[in-house]
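The values are calculated or read from the model by the stated rules, or taken from the named source; none is laboratory data. Note that the coordinates shown come from a computational prediction; the quantities given were computed from them, not determined experimentally. All Cβ positions, even for glycine, are placed from backbone atoms using ideal geometry, and neighbour counts span all protein chains on display.
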Amino acid sequence: MTLNNQILSFSKYHGTGNDFIMINGFDQSFPELDSKTIQKLCHRHFGIGADGLIILKKSSASDFKMVYFNSDGHQATMCGNGGRSAVAFALHSGIIKNLQQIHFMASDGIHQAEIVSHTQNSAIVKLGMQDTVLPTELMPGKYFLNTGSPHLVVPVEDPTNMDVFAEGKRLRYGNELKPEGANINFISGKNSNIHVRTYERGVENETLSCGTGVTASAIVWAWLQKLIGGTEIHTHSTGGQLTVSFDISSEGVSDIILSGPAQFVFSGTIHL
């Protein structure tokens with residue numbers, strides 16, 4: 001189907017400042033979007049503006065399927081803030097009815113979610129993440145972990161004073177992370193609170209928040225602090241606060257839950 005003269009309906013959501021164009025793809029006449037069109041829609045000056053674009057599609061195995069594209073137009077791996085925003089969008093679109101047992105398919109498999117509370121424009125969402133292994137010290141003082149997307153977590157003295165764009169880009173394209181690259185998270189912490197700033201691949205810039213990034217950062221922090229068993233870490237990013245709870249042992253990390261707000265911003269239509 002040609003995109004010429006097509007009108008696309010959309011909604012805009014954000015999860016702690018990590019923003020997404022949300023599209024209800026349950027309509028079978030919905031046109032396929034190519035990478036150039038997605039880039040244009042996500043462009044902050046010539047389009048709607050977003051870190052990524054998410055399409056909700058029908059799924060025989062779950063309430064919906066989440067198809068996520070980064071702002072560079074390429075289909076991407078799991079997005080934690082995107083997943084929470086997709087759940088809120090599904091609620092507001094009438095796709096889901098049972099708020100305590102929500103299931104959706106993402107690039108890394110089935111996720112379970114729960115809506116803790118909601119209003120007409122927002123929701124507090126608990127999102128179950130996939131179990132993962134313990135972090136690996138890929139480079140001295142730099143730790144790799146895949147939480148649905150690949151992340152390099154770098155403890156620093158103070159992320160506030162970091163040039164996240166320059167240092168994040170250098171590490172993201174470094175030989176150690178080739179060929180796929182990874183998201184780069186700079187963290188500092190005290191007790192059960194950590195400060196996180198993230199350079200996201202696919203966006204190729206710092207984002208205000210990253211759900212899989214704060215998840216990876218929380219796990220790395222707990223592992224470095226030698227915390228064992230049930231753990232809850234409060235993460236602080238430029239765009240807001242998220243909570244990550246999990247069970248960590250010598251066998252790996254399980255029962256991972258990412259919790260926080262998802263907010264409706266506006267809706268509209270755009271000519272493609």
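Which condition number in (1) of a type outside the set (Asp, Glu); (2) out of contact with any Leu (no Cβ under 9 Å at 6 or more places or on another chain); (3) surrounded by fewer than 23 Cβ atoms within 10 Å (Cβ to Cβ) is the one that GLY47 fails?
For GLY47, the failing item is (2).
Residues of the stretch 239-251 being more than 12 Å from ALA222 (Cα to Cα) and either of a type in the set (A, V, I, L, M, F, W, C) or in contact with a Ser or Thr (Cβ under 7 Å, 6 or more places away or on another chain) (or both), which ones?
Selection gives GLY239, GLY240, GLN241, LEU242, THR243.
Counting only residues that are in contact (Cβ under 8 Å) with a residue 60 or more places away in the chain, give me the strands (runs of 3 or more DSSP E) lying completely in the stretch 1-57 with at least 3 of them. Outline the logic, then answer.
Working: elements: 7-15, 18-24, 52-57.
Correct list: 7-15, 18-24.
What's the number of the condition SER62 fails, among (1) part of a loop (DSSP other than H, G, I, E, B); (2) out of contact with any His (no Cβ under 6 Å at 6 or more places or on another chain)?
(2)
Counting only residues that are surrounded by fewer than 16 Cβ atoms within 10 Å (Cβ to Cβ) and in a loop (DSSP other than H, G, I, E, B), which one in the stretch 126-151 is nearest to the chain's Cα centre (by Cα)?
In this case the residue turns out to be ASP131.
Taking ALA123 as meeting all but one of (1) assigned to a strand (DSSP E or B); (2) within 19 Å of GLY181 (Cβ to Cβ); (3) of a type outside the set (Ser, Thr, Tyr); (4) touching a residue at least 12 places away in the same chain (Cβ under 8 Å), write down the number of the exception.
Of (1) assigned to a strand (DSSP E or B); (2) within 19 Å of GLY181 (Cβ to Cβ); (3) of a type outside the set (Ser, Thr, Tyr); (4) touching a residue at least 12 places away in the same chain (Cβ under 8 Å), only one is false for ALA123: (2).
In the stretch 94-120, what residues are assigned to a loop (DSSP other than H, G, I, E, B) and either more than 15 Å from ILE257 (Cβ to Cβ) or outside the structural domain of ARG84 (by TED's automatic domain parsing) (or both)?
Selection gives GLY94, ILE95, ILE96, LYS97, ASN98, LEU99, SER107, ASP108, THR119, GLN120.
Would you check which residues across the stretch 50-75 are more than 18 Å from PHE30 (Cα to Cα), in contact with a Cys (Cβ under 7 Å, 6 or more places away or on another chain) and not hydrophobic (A, V, I, L, M, F, W, C) and list them?
GLY52, SER71, listed by residue number.
Inside the stretch 65-92, can you point out the residues that are in a loop (DSSP other than H, G, I, E, B) and surrounded by fewer than 24 Cβ atoms within 10 Å (Cβ to Cβ)? Talk me through it step by step, then tell me what you get.
Initial filter on the stretch 65-92 (in a loop (DSSP other than H, G, I, E, B)): 71-74, 76-79.
If the condition is that a residue be in a loop (DSSP other than H, G, I, E, B) and surrounded by fewer than 24 Cβ atoms within 10 Å (Cβ to Cβ), then ASP72, GLY73, HIS74, ALA76, THR77, MET78 are the ones that fit.
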